[in-house]
Each structure stands twice: as structure tokens, then as C-alpha cells.
1. How charged is the neighbourhood of GLU198? Take every other residue with its Cβ under 15 Å from the Cβ of GLU198, and add Lys/Arg as +1 and Asp/Glu as -1.
2. Helix 3-14 versus the longest principal axis of the chain: what angle, 0 to 90°, nearest 10, using Cα atoms?
3. Return the FRET efficiency for the residue pair LYS247, GLN5: r is the Cβ-Cβ distance, R0 is 45 Å, and the value is rounded to the nearest 0.05.
4. What is the sum of charges around SER16, taking Lys and Arg as +1, Asp and Glu as -1, for the other residues whose C-beta is under 11 Å from the C-beta of SER16?
5. Using the count of nearby Cβ atoms within 10 Å as a rough guide to exposure, how do THR220, THR225, THR101 rank from fewest to most?
6. Given +1 on the Cβ of Lys and Arg, -1 on the Cβ of Asp and Glu, and no further charges, what dipole in debye does region 161-271 carry about its Cα centre, rounded to the nearest 20?
7. Expressed as a rounded percentage, what relative contact order does region 3-270 have, with Cα pairs under 8 Å and six or more residues apart?
8. Quick one: Debye curve from the C-alpha atoms of region 1-90, no solvent, what's log10 I(q)/I(0) at q = 0.10, 0.19, 0.25 Å⁻¹?
Amino acid sequence: MKFIQKLKSASAKNKSLLCVGLDTELEKIPKFLLQEKDPIFAFNRAIIDSTSDLVCAYKPNLAFYEAYGLKGLEALKKTCEYIPKDIPIILDAKRGDIGNTSKMYAKAIFDEFKGDGVTLSPYLGGDSLSPFLEYEDKCCFILCLTSNAGAKDFQLQNIQGKPLYKIVAEKILSWNKKGNCGLVVGATYPEQLKEIREIAPDLPILIPGVGAQKGDAELTVRYGTDKNENLAIINSSRGIIYASAEKDFAQAAGEEAKKLRDLFNLYRKKG
């Protein structure tokens, strides 16, 4: 099944645009879980159990697993295997290197960890991304306009009268020959999100920045979805997974996820 079909199926089944970011830190999980043989996986498993009927995707960020060495990577692999097979996994890696190196990154992401999607940087150009794009059933979410304040250093700069993020969006469209490109656009830039959606009306957009980064939920839904009010993957990480540090952490995460899922759906109906 191609990524876009898997995404639409999960989104329809769970009536959801919500993606939960599994950015797990040992320092932030409930203390009693540290007694587990694999506390990272124990935490993730409980979060998945409480949210899997509320999401359209999960997004583990590789940095939070690589930081713990082999144990962290083992926890990531077990997490990816545990996520229900009908829910897409987007591995947030922001890779982008010369072709031969990217080939090995793609092999790790798609063959070893079985990710359905990956985040990539376009800075080195198309040849750096082509090894990922060879995987036609996966999705390559390419950084277009990120949610952080530093986006203004490059992405918001004008190049010969056009902002760089528009140039990137147009270039991503030209790379979408196999129908497996997506974009990453931060919720913290809603007007630019609207412009990018107009440039790429049929591509999935991964949208971080709602929640801890204070992106506007209503504008994110209104400007980020396609004409059928789909294809927006709106990510929240810390606000959901760390909703509680007590014994009820999984229940609290589920409740927070449901609030966001329902909020996004409210704005879909308005549109």
C-alpha cells in the first residue's frame, strides 16, 4: 500500500488529522517506569495503546533514540514494530547527504526500522534525496518552512523576488514524479502555509508547531488541508505524551489527544 493510501485510510478510520510525536526522554517519563527493563519502550507502548484510535500517524524523532545509544535504537525498533500496521510511521530524521550516504540512510529508515515516511532536508539538492524517492510506496517529507524562529535566517529570505520557501515548494513538486513527496511546514507560519498549500494542492503536509510552539489550530486546519479537508498531518508531541508524569500518564495522553483530534475536526466542519 502506498503511503498516501495508508494515511487516508487511517485518517478516515480514526476521523483524525492528529499525529503524535514520540519524542521520548528518560528524564521526563514517569519515574516508576525507570524500573522497567526497557523504560522507553514501556512508555511508548502505553502511549500508543491510549492513542491508536485517535491518530492518523505517529512520528518518532530519531534524535531521542540515538541519544541513548544501542538501547535507544532497540527501543525505537520495538516501538515501530508495536505501532498498529494500519497507522503510518513517519521517522523524523531530517536526513540529506550526498547520494551514496543517503542510500544507506534510506536503507536504515525504510528497510531496518520499517518507516512509512521520513523527513528530509533539501539543502543538498535532488540527487541527495533520490535514494529515498526510489522507495515508491513511502513518503519523503521535505523541509519547506520549519516552525522554529530561525526559519527566517534562510527560508523566509527573498531570492530574486521570491521567498525561498516558495522556491523549495515548487522544486518539491518537480521531484514528485513517483507521487511520494510531501512537505514539512510549520503551524507557526499560517499565511505561508496557505501559500504553500496553493502551490502543492495534492501533497501531504506534515505540520509541526501546534501545542508547545503555540501554532494556531484553526488556521492550521483551514490552510493546511486539501480541498477534501485531508492530507494535513498535524503533529503534537510534548503536549500529549507528557500530559502527566504520574501513574495516569497514558490515560492523560489519550485525553489530550482526543481533545486535539476533536478540535481539529471542529475546524474541518467549519471549513
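Where a number appears in this text, it was derived from the coordinates with a stated rule and is not lab data. What you are looking at is a predicted structure, and each value in this text was computed from that prediction instead of being measured. No Cβ is skipped: glycine too gets one built from the backbone with ideal geometry, and neighbour counts run over all protein chains shown.
1. So the environment of GLU198 carries a net charge of +1.
2. For 3-14 against the chain, the angle is about 50 degrees.
3. Efficiency, rounded to the nearest 0.05: 0.70.
4. Result for the local shell: +3.
5. Least to most surrounded, the residues fall as THR101, THR225, THR220.
6. The dipole of region 161-271 has a size of about 280 debye.
7. Computed value for region 3-270: 21 percent relative contact order.
8. For region 1-90 at q = 0.10, 0.19, 0.25 Å⁻¹, log10 I(q)/I(0) is -0.26, -0.83, -1.23.
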